1. Can you tell me which residue is modelled with the highest pLDDT among those in region 281-312 that are of a type in the set (A, V, I, L, M) and surrounded by fewer than 13 Cβ atoms within 10 Å (Cβ to Cβ)?
2. Need the failing condition index for D104 against (1) of a type in the set (D, E); (2) in contact (Cβ under 8 Å) with a residue 12 or more places away in the chain; (3) closer than 24 Å to A299 by Cα, just the number.
3. From the list G376, G437, which one is of a type outside the set (A, V, I, L, M), under 25 Å from V350 (Cβ atoms) and outside the structural domain of L574 (by TED's automatic domain parsing)?
4. Taking into account only those residues within region 419-431 that are closer than 22 Å to V467 by Cα and not hydrophobic (A, V, I, L, M, F, W, C), which is nearest to the chain's Cα centre (by Cα)?
5. For region 441-487, which positions are hydroxyl-bearing (S, T, Y) and in a helix (DSSP H, G or I)?
6. Taking region 296-310 on its own, how many of its residues are outside any strand (DSSP E or B) and in contact with a Leu (Cβ under 8 Å, 6 or more places away or on another chain)?
7. Please give the number of the condition L362 fails out of (1) under 22 Å from R429 (Cα atoms); (2) out of contact with any helix residue (DSSP H, G or I) (no Cβ under 7 Å at 6 or more places or on another chain).
8. List pairs: first residue in region 217-244 and in contact (Cβ under 8 Å) with a residue 24 or more places away in the chain and closer than 16 Å to I171 by Cα, second residue surrounded by 19 or more Cβ atoms within 10 Å (Cβ to Cβ) and among the acidic types (D, E) anywhere in the structure, Cβ distance under 8 angstrom, at least six positions apart or on different chains.
Amino acid sequence: MTSIPESTLAEYKQLVAELNQHNHRYYVLDDPSVPDSEYDRQMRVLQEIERVYADVVAEDSPTQRVGGIALQSFSQIKHALPMLSLDNAFSDSELQDFERKVKDRLNQTSQIDYVCEPKLDGAAVSVLYRDGMLVYGATRGDGSIGEDITANVRTIKSVPLKLQGDNIPEILEVRGEIYLPKAGFEALNEAARAAGEKTFVNPRNAAAGSLRQLDSKVTASRPLEMCAYSVGQYQSKITPSTHQGMLEALVGWGFKLNEHMETVTGIEACADYYNRLAQRRNKLPYDIDGIVYKVNQLALQERLGFVAKAPRWAIARKFPAQEEMTQLLGVEFQVGRTGAITPVARLQPVFVGGVTVSNATLHNRDEIERLDVRVGDAVIIRRAGDVIPQIAKVVLEKRPPNAEPILFPERCPVCHSSVQRNEGEAVARCSGGLFCGAQIKEAIKHFASRKAMDIDGLGDKLVELMVDETIIFSVADLYELDEQGLVGLERMAEKSAANLVAAISVSKQTTLAKFLYALGIREVGEATAQTLANNFGAIELIAQASVEELLEIDDIGPVVARHIVNFFRNPDNLSIIEALRNAGVQWADIDLSSQDSQPLKGQTWVLTGGMQIMSRAEAKDALQALGAKVASSVSAKTNQVVAGPGAGSKLAKAKNLGISVMDEAQFMDFLSAQ
C-alpha cells in the first residue's frame, strides 16, 4: 500500500473541503462560487489522488455520493423519538380552533408566534449525525420504525456528509422532506418514455420510489433534494430557544431550508400566509400540498406536549383538494373487521391530484342521503387533503333519466345476517360477529398482529387464503393447525409451515392486556386493554362487569363500556375465548391485592433516548409491572428519568428540575434488584 506524502494529503484534505463547500453553495444556497469547469478540474484531481492512495478516502469525500454495491434488502431502524403525523385543518375556522386550544392549554391570552412552513410533497426522512458525521438515514416508516436508506441518502447533494460551522452538536437528528423538483420529475419521465419504461404518476411517488432503490446508484442518478424542517434527537451544550432558531442553526451546519418559511405572530397572520402561498402554489418549482404551522417557542412546545400520534403544538393546513367530474357506475358494500358496512362508489376512472381514481368512499347511509347520489349520476370527485378520494357533490343538471337510487342493504352482503344501526351512530353494522366471513378475516389479522398475539409469519394474504380454503373459521382454529395441513398451500413449504406452527405455539404465552387487545373489542386499544387488566386482574371479572362498574374506571366512557359489555354478553365470543384457553393460550392473572405493595406504585417515570439492551416497549412493560405510570413528557411530578443514547430536551429538562436520572445500565441493575 503506497504511503501518501504529507503535501499530497494536505492537498487532498483541502480539495475535499473546497468541493464540499462548492456543493453546498450550488445545491443548498443556489449560489455557485466557481464555474463548472473549475469544479470538474478539482474533482478530477481528487479522484486521481483517491485512485493512487485508496486508503486515504475520507468519509465526507464528494466521491462517496455516487452510490455503492446494491443491497439485497433494507434493514430497519427504530426511531429513538417517534416521527409523528400532524393533525389537519381545512378551513380558517379550524385553524382558529387550533389556536384556541393552544391558548387554553397554556392559559395564555397574548399572541403566539408561529413558524409557517410549506408542506413539501415528498418523503419524510430522518438523518442522524454523531460528532458532525452522518451516521444513518431512515424513512419515516410507521413513525416508530423506518427503513435504513443510508446508502441512498448519502447520494443526495443537499444532505451534508459532514456538518460544517461552529458549535456542532454531539448528536443531531435532522428531519426533513426529500422531494423531486418538477423539472427533475419531467426529465425523469421523459427518459423513461424514451427507454420504453413505466413513468411515475407524480413527483411524490418518484421521490419515494427513488429512496427505496436497493441500488444506490439509481438514487444517485435522480435529482433529489432535501429540505430540513425539524430536529429530533439533539445533544449539545447550546440549545436554541425557538424553532426558528433551531432552523437557523441547521443552515449554519449545512442544511437547506425552504425559502418560503416565515415566522409570524397570531393565527390571522398564519391565514394570510396561507393565502399568499396558495396563490404561488402552481408557480413553485416543486409540489406542496399545504402549510405546516408550528408554535415557535420550544418551551411552549414542551408544555403543550403530544396526543397519541401528533404534537399539540403543530397543525397542517391543507390546500383545497383538486376536483374532477366523472360518472358513478355503481356502489358496492364492504364489511370491515368490526362489521361496519361501508358503501364504496365505483367510478369511471378519472385523473385527480396526480393519481387515477376509480373508487371513492360514500361513508354511510346518511352521506348517500345527504348527497342524493344515484347510480348513473355525474359527480364531482375530490381528494380530501390530496389523499382520500370522495364524492363532493352531484351534478344534478346532468342526471340521466334512468339514474337508480342506492338501496342500503338490510342483510350483510357477506354472511346475510341482519344489518343493525345503533341509536346515535351513523354506521350500520353486520350482526354476524366473528362468524361473518369478512369479519373473520380481519379479526384473525388483528389477532395475529404484532401488538396483539404477535404471530410471526401469519400475514394478511395467508390469513385470507386459509379462510378461503376453509382451513380456519375463527381465531381459535389457529391453534389446531399442524404442518401437514399447511404444506401445499400457495408459497407454503415444509420449513415455512414448521416456522408458522412454532410461532403460533410461542404466542400461547401472552399477557391479559395483549389478549384483551387481540380480541378486537370495539374501541378497546392497547391502553384501554391495559387499564382493564390492571383494574380487574382476570378476564372472568371483566366478562361479568356491568356498564356501571366499567364507568368507575378512569379513561372508560359510556360508549366503550357498552362495547365491552356487549362483547362479553355474546355467547359466540365467549365460546371462542373458551376454545382459545382450551388450546393452551394462557397468561398470568394480576394479583390486585399485591398492587398496594408494588415498589413503584404512585410514581411517574419517563423513558427518553434510545434503548440498546431492551426495547422501549419492553422497558415500559417492566415499569408498569412494578406499578409505575410511564409518561411521555417530563414535569415537576416526574419521579425518575431513564436516559438512553441520544436523549435530548427531556434529559435537559430533568436536570433543570433536579429530577433523578439513570442511564440504561443503571436501569437494568435496578430491574434486576426488584
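The values are calculated or read from the model by the stated rules, or taken from the named source; none is laboratory data. If you're wondering where the values come from, they're calculated on a predicted model, not measured in any experiment. Glycine gets a Cβ as well: all are built from the backbone with ideal geometry, and neighbour counts include every protein chain shown.
1. A299
2. (2)
3. Within the list G376, G437, the selection yields G376.
4. Out of the qualifying residues, it is R429.
5. Answer for region 441-487, where residues must be hydroxyl-bearing (S, T, Y) and in a helix (DSSP H, G or I): just Y479.
6. Residues meeting the conditions: 5.
7. The one condition L362 does not meet is (2).
8. V231/E173; G232/E173; Q233/E173; Y234/E173
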